[in-house]
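Everything below concerns the one structure shown next.
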Amino acid sequence: MTTGTTTVCDATVPNPWTSTVGSGDGGPDDGRTVEVQSGAGVVVGNASAVSFAGVGNVLSNSGSLTATNAAAIGFNNSTGRNRVVNTGTGVIQADGTAIAATGGGALDFINAGLVTGNVVLGAGDDLLDLSGRIDGSVDQGAGNDTAILRAGGTLTGALAQGAGNDRLEVQGGVVNGATTQGAGEDTAVLSAGTLASLDQGDGVDSLQISGGSVTGTVQQGNGTDNFLMTDGTLGALLQGDNYDSFRMTGGRIIGAFEDGDYASVRSRTATTPR
Ligand SMILES: [Ca+2]
Ligand SMILES: [Ca+2]
Ligand SMILES: [Ca+2]
C-alpha cells in the first residue's frame, strides 16, 4: 500500500505481492520509503522484488523479498546514497545476485537477517554492516567503502572491497571466504571475530589487531604498509615490497613473517624477521 512516498507491505492479502515495488529503470524514484513488515512477502520472477533508480530511498525489510530470475533488490543511483536495512526477521533471496547496486552512487546495507545470494555494491562509497548472515559473497566495488562485521555476523563467501581507500572493522563474526581490500590506502582493524585470510593489496595500508584471528595468511602487498599487533592470532604475515613497519607487543603469528623492514617485537611468540 502506497501513501505519498511511503510504501508499506503488510501480511494482509495479497500476500505475497507479486510485482516489483518501485519503478526501477522507469524512475527516477527519490526519497521514497518502503517498509516490508514481518510476515509479508514480495515474490517476483523475471524482475526485482524492489527496484529503485534515484537517491535518498530507504528500504526496511522484516519480511521476505524474493526474485527467482533477477536480483531481489536493485538500486541504480549515479550520485547520493540509498539505504537497505534487513532486520533480524528479514530474508532476501535470489538464485545469483541478491542485491545489485549500479551507478556511481552509494548504498548502505545493514543486515541483521538472512541473505541468500551475492551482494554487489558497485562504485560509490558503500557500507556493509553485518550482524546477520549472508550465504554468498560481497563485492563492494570501487569507491571508499566501509565494512563492519559484528558479533554473530556470518559471510560464507568472499569479501572484496576493491579499488579505493577502504575500511574494514572486524568486531566479531566470521568471513569464510577470502577478504581482499584491493588497491588504495586501506585500513583494517580487528578486535574480535575470524577471517579466513586478508589481502590488503597495493597502496599504503594499515592493519591493527587487538584480538580475533586470521586463520590463514595476511598479505599487505605493495606500498609502505603499517602493522600493529597487540593481541589475537594470525596464520602468517607477508608485508610485501617497500619499507614497511611492524610492531608487535602481544598476540601470536603462527607461521611465517616475511618482508618486514622495520620490526619492533616485544612478544613471546613472534618468529624472527628475515
Ligand atoms: Ca563501492
Ligand atoms: Ca581498496
Ligand atoms: Ca599495501
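Here are a few things to note about the model shown:
- Among residues of the range 122-137, those that are over 19 Å from ASN69 (Cα atoms) and under 9 Å from the mean Cα position of the chain (by Cα), counted: 5
- Unmet criterion (only one of (1) farther than 19 Å from PHE246 by Cβ; (2) hydroxyl-bearing (Ser, Thr, Tyr); (3) within 12 Å of ligand 2 (Cβ to nearest atom)) for THR187: (1)
- Residue in the range 127-145 that is within 16 Å of ligand 2 (Cβ to nearest atom), over 23 Å from VAL85 (Cβ atoms) and outside any strand (DSSP E or B) present: yes
- For beta carbons closer than 8 Å, sequence separation of 6+ or different chains, a first residue in the range 130-155 that is within 14 Å of ILE99 (Cβ to Cβ) and among the polar types (S, T, N, Q) and a second that is within 16 Å of ligand 2 (Cβ to nearest atom) and in a strand (DSSP E or B), the qualifying pairs are SER137/LEU159; SER137/ALA160; GLN140/LEU128; GLN140/ALA147; GLN140/LEU159; GLN140/ALA160.
- Total residues in the range 156-184, condition among the small types (Gly, Ala, Ser) and within 12 Å of ligand 2 (Cβ to nearest atom): 7
- Taking the criterion of being farther than 21 Å from ASN111 by Cα and surrounded by fewer than 18 Cβ atoms within 10 Å (Cβ to Cβ), the residues of the range 32-60 that qualify are GLY45, ASN46, ALA47.
- Unmet criterion (only one of (1) within 14 Å of ligand 1 (Cβ to nearest atom); (2) touching a Leu at 6+ places or on another chain (Cβ under 7 Å)) for ARG150: (1)
- Test: GLU185 is part of a strand (DSSP E or B) and either touching a Phe, Trp or Tyr at 6+ places or on another chain (Cβ under 6 Å) or among the charged types (D, E, K, R) (or both): no
Each reported figure results from applying straightforward, stated rules to the coordinates on display, with no laboratory input. Here the structure is a predicted model, which is why all the values come from computation and not from measurement. Note that each Cβ is placed from the backbone with ideal geometry, even for glycine, and that neighbours are counted across all protein chains shown.
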